[in-house]
Protein chains: 2
Amino acid sequence: MLNGKGEQFRISTQTSEIILKAAAEYNYFPNRIARGLRLEKTETIGLIVPDIANQFFSSMAKTIEIESRKNGYSIFLCDSLDNISTEKELLNLLAARKVDGIILAPVGTGSDHINEFSKNGIPVVIIDRYLPDTKIPYITTDNYLGACQAMEHILAMGHRVVACIQGLNGISANEDRVRGYKDTLNNNSIAVDNSLIVGDDFGEETGYVQAKLLMKRNNPPTAIFALSNLISLGAMRAISESGLKIPDDISLVSFDDQPYSALLASPMTTVEQEKDEIAVRAVNILLERITGAKDERVIEKIMIKPKLIIRKSVREM
Amino acid sequence: MLNGKGEQFRISTQTSEIILKAAAEYNYFPNRIARGLRLEKTETIGLIVPDIANQFFSSMAKTIEIESRKNGYSIFLCDSLDNISTEKELLNLLAARKVDGIILAPVGTGSDHINEFSKNGIPVVIIDRYLPDTKIPYITTDNYLGACQAMEHILAMGHRVVACIQGLNGISANEDRVRGYKDTLNNNSIAVDNSLIVGDDFGEETGYVQAKLLMKRNNPPTAIFALSNLISLGAMRAISESGLKIPDDISLVSFDDQPYSALLASPMTTVEQEKDEIAVRAVNILLERITGAKDERVIEKIMIKPKLIIRKSVREM
DNA sequence: TTATTTCGCACAATCGTTTGTTCTATGACA
DNA sequence: TGTCATAGAACAAACGATTGTGCGAAATAA
């Protein structure tokens, strides 16, 4: 096998040149599997997202992949299908593959399996959502603030009956947004009507079904606050099917700005999340933990401010 | 290390039970790195796409990941950034990581580096585009047919000056679509005006810039055929900025149906590609090559029929 | 009871790289 | 000229799983 190693730590002036030439000539690349076995590090990061087909996650995946590659790491992509037992399997799979670290957008509300997992020594960084009682660093949008911004706008436009179609109950991103929704109503002296808070996951179907139900109410809301891009997509479909127009008949504000948001039938007012910043910082925090560059007792808990993009999907009452 | 292997080929009735219990108890998972080194297979597939943030590719990535995982394979996700030298690097990286196979949505027009690469024994399957003079299997949409369907519709609606904003020149997907555009014009006795064929990549910016230029022409087109979802997004932005309406002022048809296509200001008529089918079959063809289940002299060259979804973005003239 | 067969386990080699140790040869200094 | 220091190269061990080989014990048959 010759000694293609000489290149690095014992530079023998002549030999190294010969070696380098030969290496180039035969297109030699070190076997990273063997390297991984010997070094007990694979320069590999596992990425688990609930739905890679969702633009929100695929945008972040892109940035994460690029930022990781810059640092010599490759990405194992895993889609948990928004299914908690799949997520558990994937964590074990990634552990068996000896990834150096994991970036996880967790699925469910329970954090036990993640806490348990993080004890095995593989660093984990959580994005998008956070787990309240863990020592796992996270980086998310300040969802509470985002919801407040959106609701302040809706109320400032004169709406008084505002529904909220929420995502998966119990997870931080959802709870913080709902809390922002409620607090803003209260701060504006509007009683919270819990029957106007509907929905139970972030998918398109939830938006569709719940919007239909909302519109059938005796006292339908004049505005809907959709807590994800897919929910608003479903709500738009329902509204469109009912022959109603946004914002003339009903107003809509969505979480997550999208490339097409400005180009919809009614350009959508959205809460934009800093996806790139979340992604880049998640990678960097993880790399710090992997390399041990930072005191691991410091648990980063970062919330990035979102930005309300006001377009034309909210009617002035 | 005990012998956790007994489980498989020499079942010692008592011992195996003990082992299995112990394995479960200590939460033992075989080290896949060591396994990979010994077996010279990693149960790993490399996936290279030009832009994972593009819904078209992220949808396929999702299906590819799920289908691969079903078969015990994990996915190395790589984004080539639509950059050919990045693509070359990624191929070498994946080779060094000893992936068992690669699914590649190639970037450029040249196929030399891919031909060269495929000689090293790692099976490659190409999606979305194909390389004319190679022995590499591919599976794509029948882009020619899709373009013909779209153009037939546009012409049937009475348009006579139809522009085409194309993507990356030279690659099969683009050339086939342009050929469909031209042939359909010819078949309908309309002379092809080459100055109406503009653009040079699949990005949003191309759509924006070229649509602006097209609208400034002395004899502007009454319809635009956009050869990708991003191009149509850019074109919509340009049209919207110009204060024009689709389809009243200008008609637009796009390749690639999107979740939001029906919900746009003007519900978009699109050519829908069977992304899931392409993804599933790509995985299966690759797995057949990896396992040697199929005669490798058979080079699959598969074109999936697209479907024209007629909505309301084309005006009847 | 002895011989033979078979079953099951222990042991060793292997994959390709890294890294620590040993060995040889060269050059310098006394 | 002899000794020592050191550079450079050869060698060996290790990472953890797989897999072939060899050996011991048990079981069956003579």
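The values are calculated or read from the model by the stated rules, or taken from the named source; none is laboratory data. Bear in mind that the values here come from a model prediction, so they are computed numbers and not experimental data. Reconstructed Cβ throughout: ideal geometry from the backbone, glycine too, with neighbour counts over all protein chains shown. Areas reflect the complete protein model, heavy atoms only, side chains present, ligands, DNA and RNA absent. Shrake-Rupley method; radii C 1.70, N 1.55, O 1.52, S 1.80 Å.
For the reader, a short list of remarks on this structure follows.
- Condition check for B:T109: open to solvent by 10 Å² or more (accessible area, probe 1.4 Å) and among the β-branched types (V, I, T): yes
- Whichever residue in the range A:1-23 is open to solvent by 60 Å² or more (accessible area, probe 1.4 Å), under 27 Å from B:L39 (Cα atoms) and of a type in the set (A, V, I, L, M, F, W, C) and, among such residues, is modelled with the lowest pLDDT: A:M1
- Matching residues in the range B:35-90 - criterion: being open to solvent by less than 30 Å² (accessible area, probe 1.4 Å) and of a type in the set (S, T, Y): B:T42, B:T44, B:S58, B:S59, B:T63, B:S68, B:Y73, B:S74, B:S80, B:T86
- The residues of the range B:265-277 that are surrounded by fewer than 24 Cβ atoms within 10 Å (Cβ to Cβ) and either under 13 Å from B:A61 (Cα atoms) or not hydroxyl-bearing (S, T, Y) (or both), listed by number, are B:A265, B:P267, B:E272, B:E274, B:D276, B:E277.
Yes/no matrix, rows are residues, columns are (1) farther than 24 Å from A:Y144 by Cα; (2) within 14 Å of chain B (Cβ to nearest Cβ):
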residue	(1), (2)
A:E204	no, yes
A:K216	yes, no
A:A226	no, yes
A:N229	no, yes
A:L233	no, yes
A:L244	yes, yes
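- Restricted to strands (runs of 3 or more DSSP E) entirely inside the range B:25-116, those with at least 3 residues that are facing chain A (nearest Cβ under 7 Å) are B:74-79.
- Counting only strands (runs of 3 or more DSSP E) that sit wholly inside the range A:268-317, those with at least 1 residues that are of a type outside the set (A, V, I, L, M, F, W, C) and in contact with a His (Cβ under 8 Å, 6 or more places away or on another chain) are A:269-272.
Residue by residue, here is whether (1) outside any loop (DSSP other than H, G, I, E, B); (2) open to solvent by 60 Å² or more (accessible area, probe 1.4 Å) holds:
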residue	(1), (2)
B:A150	yes, no
B:G167	no, no
B:N174	yes, no
B:N219	no, yes
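- Residues within the range A:87-122 that are more than 20 Å from B:N31 (Cα to Cα) and modelled with pLDDT of 95 or more, tallied: 3
- For the criterion of being without any contact (Cβ under 8 Å) to a residue 12 or more places away in the chain and in contact with a Leu (Cβ under 7 Å, 6 or more places away or on another chain), A:L233 fails.
- Put simply, of A:R297, A:R315 the only residue that is charged (D, E, K, R) and free of Cβ contacts under 8 Å to residues at least 60 places away in the same chain is A:R297.
- Check on A:K245, within 28 Å of the chain's Cα centre (by Cα) and among the charged types (D, E, K, R): no
- Leading residue by the ranking (least open to solvent (accessible area, probe 1.4 Å)) among those in the range B:117-138 that are touching a Phe, Trp or Tyr at 6+ places or on another chain (Cβ under 6 Å) and not in a loop (DSSP other than H, G, I, E, B): B:I126
- Filtered residue count, the range B:224-267, keeping only those that are under 26 Å from B:G170 (Cβ atoms) and in a loop (DSSP other than H, G, I, E, B): 5
- From A:L286, A:L252, residue being surrounded by 22 or more Cβ atoms within 10 Å (Cβ to Cβ), in contact (Cβ under 8 Å) with a residue 24 or more places away in the chain and away from chain B (no Cβ under 14 Å): A:L286
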